[in-house]
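Note sheet for the following structure.
Where a number appears in this text, it was derived from the coordinates with a stated rule and is not lab data. These numbers were taken from a predicted model, which means no experiment stands behind them. Ideal geometry is used to build each Cβ from the backbone, glycine not excepted, and the neighbour counts take in all protein chains shown.
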Amino acid sequence: MGLDIYNSWLAGSRFVSYEYNTFTVAFKDEFNAGFVSAHYSEKLRSILADLLDCPDLHFRAISVAPRNMPTRRESILPTMLRPSYTFERFIVDDNNRLAYATALSAAKNMGSDIANPLFIYGGVGLGKTHLIQAVAHYVSTHRPDLVFRYISSEEFVNQLVIAITNKRMEDFERRFRDVHYLLMDDVQFLGGKEGSEQKLFHIFNNLYLQRRQIVLTSDRPPHEIEPLEERLVSRFQSGIVADIKPPMLETRVAILTQITRERSISIDEDTMYFIADTVKTNIRQLEGMINLLAVRSQIQNISITRDLVRNIIAEFLGAGTRHLNPGSITGAVAEAFSINPTLIRGKQRKREVLIPRQVSMLLIRELTDTPLTEIGRFFTGRDHSTVLNAIARIKEILSENPSLKRKVQDIRNNLTS
């Protein structure tokens, strides 16, 4: 049970009672209580039974909100918002200026004719999530009377499935009916999910007609999300579509300076420029690089020098000197597709897992000398013929899907730049 699950469903819950071998926990509304009861009650029961040494323990999830009670802001504001993702901490340059300016405008002017909807797209780790969460933080701070909902499209799909399964569509719809700001991250995952597309279309129209603000992010422009209903593509394109490109060198140095200053990490200017000139396409990697350097410096009690940076790059980031391997490549693919690497290596055959797995096999074959048999073993006991078939299949898919082909090329470029 990972941090994402905790943040989405368990954070904010509170202990009620433990009597007659029944451990009762209260959740913010009936939807959350029902979801946890349906999906995580046995896992929680098992953990609590071990902790309390009570094999016959029962777990009970209840709601603290009466049925049909209007949802309060406290249940709308998710704990998954990162405190650092504010407009004040977003470094602006020519490659992201339009996205920044329109996001700030949307935060200040709900439902304006200029930036509603606002659709922000760009590659992995360039700041899309930072900006959409900055809107949430701004509204929370400056307009506490307004209600927003921040959610990923994947979570939107999951919640819709649960609502349909448990016959709780009224609860689901209420969660989106009265919000002033709908903030949805990674909408590319809606492609091909017809029921979710239809539901979002109606939610979109209802909010838009009320002049409520809609902000969406994706790793590609609306017309490249395939398959996606034409009417949704049209809605997404009806406001501002702003892209974010990789930051310029000076911007990367500014980002590094901000991170090191906030964390009281000492790095000389020459080494700072060396890092910025090496890690060129992903802000998240810049932050991860600083974290690794700080930990290594603290553990070994050494200064952060260019040699230390070069060693870290060789081990983890793979600029020219990195040795690419199945693990590092699969990790990069997992990040690009926003999926757990463990799922890619596993046996699930859902399309959202199968495509990243095939892409990983293709790139491992292209970028390393790893034998087919070893690639097969890496992906949970597959043989070399399975690997060959997977590579052939993904090549065929890429020839027919320009947006996916571009995404794979971006991953390849990030791995080899």
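Helix-only estimate, please: 222 nm mean residue ellipticity of the chain, summing -39500 (n - 2.57) across DSSP H runs of length 4 or more and dividing by its residues, to the nearest 500.
-16000 deg cm²/dmol
Explain nothing, just the number: dipole magnitude of segment 275-379 about its Cα centre with +1 on each Lys and Arg Cβ and -1 on each Asp and Glu Cβ, in debye rounded to the nearest 20.
420 debye
In debye to the nearest 20, how big a dipole does segment 326-416 give about its Cα centre with +1 on each Lys and Arg Cβ and -1 on each Asp and Glu Cβ?
Computed charge dipole of segment 326-416: roughly 300 debye.
What residue among Asp277, Asp56, Asp186 shows peak mean-square fluctuation when the chain is described by a Gaussian network model with Cα springs under 10 Å?
Sorting by GNM fluctuation, first place goes to Asp56.
Are any of the pairs Lys167/Lys245; Lys245/Lys395; Lys43/Lys405; Lys167/Lys350 more than 31 Å apart by Cα-Cα distance, and if so, which?
Lys167/Lys245; Lys43/Lys405
Starting with the fewest neighbours, write out Met272, Met248 ranked by other beta-carbon atoms found within 10 Å of each beta-carbon.
Sorted ascending by nearby Cβ count, the order is Met248, Met272.
With unit charges on the beta carbons (Lys and Arg positive, Asp and Glu negative) and the dipole taken about the Cα centre of segment 171-232, which residue among Val215, Ile225, Gln188 sits farthest to the positive side?
It is Val215, whose Cα lies furthest towards the positive end.
How do the peptides 110-123, 135-148 rank, highest first, by the average count of neighbouring beta carbon atoms within 10 Å per residue?
In descending order of packing, they fall as 110-123, 135-148.
Quick query: amide H of Ser152 versus all other amide H atoms, modeled in the peptide plane; which residues come in under 5 Å with a sequence gap of 5 or more or a different chain?
Asp185
Between Tyr40 and residues 5 or more places away or on another chain, which pairs have amide H atoms under 5 Å apart, with H built 1.01 Å from N, and which residues are they?
none
Going toward the positive end of the dipole of the chain, with +1 on Lys and Arg Cβ and -1 on Asp and Glu Cβ, which of Thr330, Ile267, Ile162 do you reach last?
Ile162
Report D for segment 105-182 in µm² per second (integer): Stokes-Einstein, Kirkwood Rh on Cα pairs, 37 °C, 0.692 mPa s.
Value of D from the Cα-based Kirkwood radius: 232 µm²/s.
Give the relative contact order (percent, whole number) for the chain; include only Cα pairs under 8 Å separated by 6+ residues.
13 percent
Charges at C-beta only: +1 for Lys and Arg, -1 for Asp and Glu. How large is the resulting dipole of the chain about its Cα centre, in Debye rounded to 20?
I would put it at about 480 debye.
Under the Karplus relation 6.51 cos²θ - 1.76 cosθ + 1.60, θ = phi - 60°, what is the ordered set of whole-Hz ³J(HN,Hα) values for segment 176-182, x standing for Gly and Pro?
With the stated coefficients, segment 176-182 comes to 10, 5, 10, 6, 8, 10, 9 Hz.
Can you give me the C-alpha center-to-center distance between segment 248-262 and segment 142-167, rounded to a whole angstrom?
34 Å
Quick one: if the Förster radius is 51 Å, what FRET efficiency do Glu262 and Asp56 give, using the C-beta to C-beta distance and rounding to 0.05?
Calculated transfer efficiency: 0.55.
Grab the alpha carbons of the chain, take their convex hull, and tell me the volume per residue in Å³.
Convex hull volume per residue, Cα atoms: 171 Å³.
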